[in-house]
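The values are calculated or read from the model by the stated rules, or taken from the named source; none is laboratory data. Not measured: the values here are computed from a predicted model. Glycine also receives a Cβ, built like all others from the backbone with ideal geometry; neighbour counts cover every protein chain displayed. Side chains are part of the model used for accessible areas, which takes the heavy atoms of the whole protein and leaves out ligands, DNA and RNA. Shrake-Rupley method; radii C 1.70, N 1.55, O 1.52, S 1.80 Å.
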Amino acid sequence: QNNPQVCPYGLYAEQLSGSAFTCPRPTNRRSWLYRILPSVCHKPFQPLQEGHLTHSWDEVEPDPNQLRWKPFEIPKAPQNKLDFVSGLHTLCGAGEPRGRHGIAVHIFVCNTSMLDRCLYNSDGDFLIVPQQGKLLITTEFGKMLVEPNEICVIQQGMRFSVEVFGETRGYILEVYGAHFELPDLGPIGANGLANPRDFLVPVAWYEDRQVPGGYTVISKYQGKLFAAQQDFSPFNVVAWHGNYTPYKYNLENFMVINSVAFDHADPSIFTVLTAKSTRPGVAIADFVIFPPRWGVANNTFRPPYYHRNCMSEFMGLIKGHYEAKEEGFQPGGASLHSMMTPHGPDADCFEKASKAKLEPERVAEGTMAFMFESSLSMAVTKWGLKTSNRLDKNYYKCWEPLKSHFNPNRR
């Protein structure tokens, strides 16, 4: 029974619903939490300064150029203490949370742990990609240690607090109106890409702790932050059951699919998680990785080809050197190639790959790059273009040395 008249141990039953009650069973998400006090016990929410967190996409004029950012700077703790919430900076996005359709890309830089405060996102799901420093994330469902080369998803409405162990940085993909799920495999068959067994969820952990000085519960609601006070820890869930949970995944467990004859398969073969739109085959957002793998294609230009796309492509680098741009694209930095903006390997990469001996080779050894890809046309914030002071204004120059090799008499 989910909701007995009197719960064992004198607990309160509380349901957390991540989908409409009447969703089809395969997509219906909910969990029952059994807690010492229900989450309704708090003072009224009051506005909280949101800093560089925004969903206003009209702060600056649109910019269709290829954009690249140098690694985002982490403030030093003595001068400027930032925890996970105060260290959130919105870089780009589209749509808006009230209409329940859209995405946002955030950068987090922090140097101190959240103390007696937690966050929950009323607007959507957070897919968190740590790049430097590990995160110990306490949730209502239990704890998760998430290190670089792992990801975690905190779904809509779940309260969590982040402990860090020094200077910490990473990326967040926020999705409004849809949840992340595994992509369909089609002709790949039953096994491949990210396998369900490798996704880990917390086990119940609780603290029965009074906080006389006040515990702050922060809600991200309609793109703004609000804070409420209560006198006890929100992580007082003694037990839970259900299928609406936070979870984490180690990117090393990804089963890579690749071409073994010639040409490229589309980069969709590297999709770890997808948030589907209502149009079949079109995602609000895909989370895609480019892990270490073998390159064996015959008579083929092996790096990513030159490309224009009806999707927006935001890329980040967790570690190593991305194969198409070994210089300039650095861990902790990012790039954005907007809809129909051309992009591809830099001149140095093109020359090397055009002359390389085509034998089996390891690609991206020691590297993990990723992409947030979206069918939405993303706008960049004022912080991203100006305030951060990390925009690489010379990015376009990496293609300038490309030269014509055309010879009409050559066969």
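Hey, among the residues in segment 195-239 that are within 30 Å of Asn149 (Cβ to Cβ) and of a type in the set (Lys, Arg), which one's most open to solvent (accessible area, probe 1.4 Å)? Per the stated criteria, the residue is Arg197.
Taking each residue of segment 327-344 that is of a type in the set (Val, Ile, Thr) and looking for partners that are open to solvent by 10 Å² or more (accessible area, probe 1.4 Å) and part of a loop (DSSP other than H, G, I, E, B) with beta-carbon atoms closer than 9 Å, six or more apart or interchain, yields Thr341/Pro64; Thr341/Asn65; Thr341/Gln66; Thr341/Arg308; Thr341/Asn309.
If you go through segment 150-180 and pick out every residue that is under 23 Å from Ile74 (Cα atoms) and open to solvent by 10 Å² or more (accessible area, probe 1.4 Å), you end up with 8.
Check whether at least one residue in segment 302-310 is of a type outside the set (S, T, N, Q), out of contact with any Gly (no Cβ under 7 Å at 6 or more places or on another chain) and in contact (Cβ under 8 Å) with a residue 60 or more places away in the chain, and report yes or no. For segment 302-310, residues of a type outside the set (S, T, N, Q), out of contact with any Gly (no Cβ under 7 Å at 6 or more places or on another chain) and in contact (Cβ under 8 Å) with a residue 60 or more places away in the chain: present. Taken as a whole, the condition of being within 20 Å of Asp286 (Cα to Cα), at pLDDT 95 or above and out of contact with any helix residue (DSSP H, G or I) (no Cβ under 6 Å at 6 or more places or on another chain) does not apply to Gln132. Contact map, segment 44-68: first residue within 21 Å of Met371 (Cα to Cα) and in contact (Cβ under 8 Å) with a residue 24 or more places away in the chain, second residue open to solvent by 50 Å² or more (accessible area, probe 1.4 Å) and in a strand (DSSP E or B), Cβ cut-off under 7 Å, separation 6 or more or different chains; pairs are His55/Glu96. The requirement of being open to solvent by 60 Å² or more (accessible area, probe 1.4 Å), part of a strand (DSSP E or B), under 30 Å from Glu207 (Cα atoms) and in contact with a Ser or Thr (Cβ under 8 Å, 6 or more places away or on another chain) is fulfilled somewhere in segment 240-261, by at least one residue. The single condition from (1) closer than 24 Å to Glu14 by Cβ; (2) in contact with a helix residue (DSSP H, G or I) (Cβ under 8 Å, 6 or more places away or on another chain) that Leu193 fails is (1). Identify the residue in segment 1-41 that is part of a helix (DSSP H, G or I) and farther than 18 Å from Ala204 by Cβ and, among all such residues, is least open to solvent (accessible area, probe 1.4 Å). Filtering segment 1-41 for residues that are part of a helix (DSSP H, G or I) and farther than 18 Å from Ala204 by Cβ, the one least open to solvent (accessible area, probe 1.4 Å) comes out as Thr27. Consider segment 363-398. How many of its residues are in a strand (DSSP E or B), at pLDDT below 95 and of a type in the set (Gly, Ala, Ser)? Residues that pass the stated criteria total 0. Among Leu115, Leu145, which is the only one that is more than 14 Å from the chain's Cα centre (by Cα), over 22 Å from Leu37 (Cβ atoms), surrounded by fewer than 20 Cβ atoms within 10 Å (Cβ to Cβ) and not hydroxyl-bearing (Ser, Thr, Tyr)? Just a single option satisfies the conditions, and that option is Leu145. Condition check for Gly192 on (1) open to solvent by less than 10 Å² (accessible area, probe 1.4 Å); (2) at pLDDT below 95; (3) at negative phi: one failure, at (3).
Mind checking whether some residue in segment 139-150 is over 17 Å from Thr274 (Cβ atoms), touching a Gly at 6+ places or on another chain (Cβ under 6 Å) and at pLDDT 95 or above? Within segment 139-150 (the criterion being over 17 Å from Thr274 (Cβ atoms), touching a Gly at 6+ places or on another chain (Cβ under 6 Å) and at pLDDT 95 or above), the answer is no, since none of the residues qualifies.
The residue that is most open to solvent (accessible area, probe 1.4 Å), counting only those in segment 330-362 that are acidic (Asp, Glu) and assigned to a helix (DSSP H, G or I), is Asp348.
May I ask you to say which residue of Leu115, Leu91, Leu67 is within 26 Å of Arg308 (Cβ to Cβ), out of contact with any Gly (no Cβ under 6 Å at 6 or more places or on another chain), among the hydrophobic types (A, V, I, L, M, F, W, C) and modelled with pLDDT of 95 or more? So the residue among Leu115, Leu91, Leu67 that is within 26 Å of Arg308 (Cβ to Cβ), out of contact with any Gly (no Cβ under 6 Å at 6 or more places or on another chain), among the hydrophobic types (A, V, I, L, M, F, W, C) and modelled with pLDDT of 95 or more is Leu67. Against the criterion of being in the same structural domain as Val363 (by the TED database), open to solvent by 20 Å² or more (accessible area, probe 1.4 Å) and modelled with pLDDT of 95 or more, Val272 does not qualify.
When Pro202, Pro187 are screened for being assigned by the TED database to the domain that holds Ser56 and part of a loop (DSSP other than H, G, I, E, B), only Pro202 passes. All conditions but one from (1) outside any strand (DSSP E or B); (2) more than 30 Å from His52 (Cβ to Cβ) apply to Trp294; the one that does not is (1).
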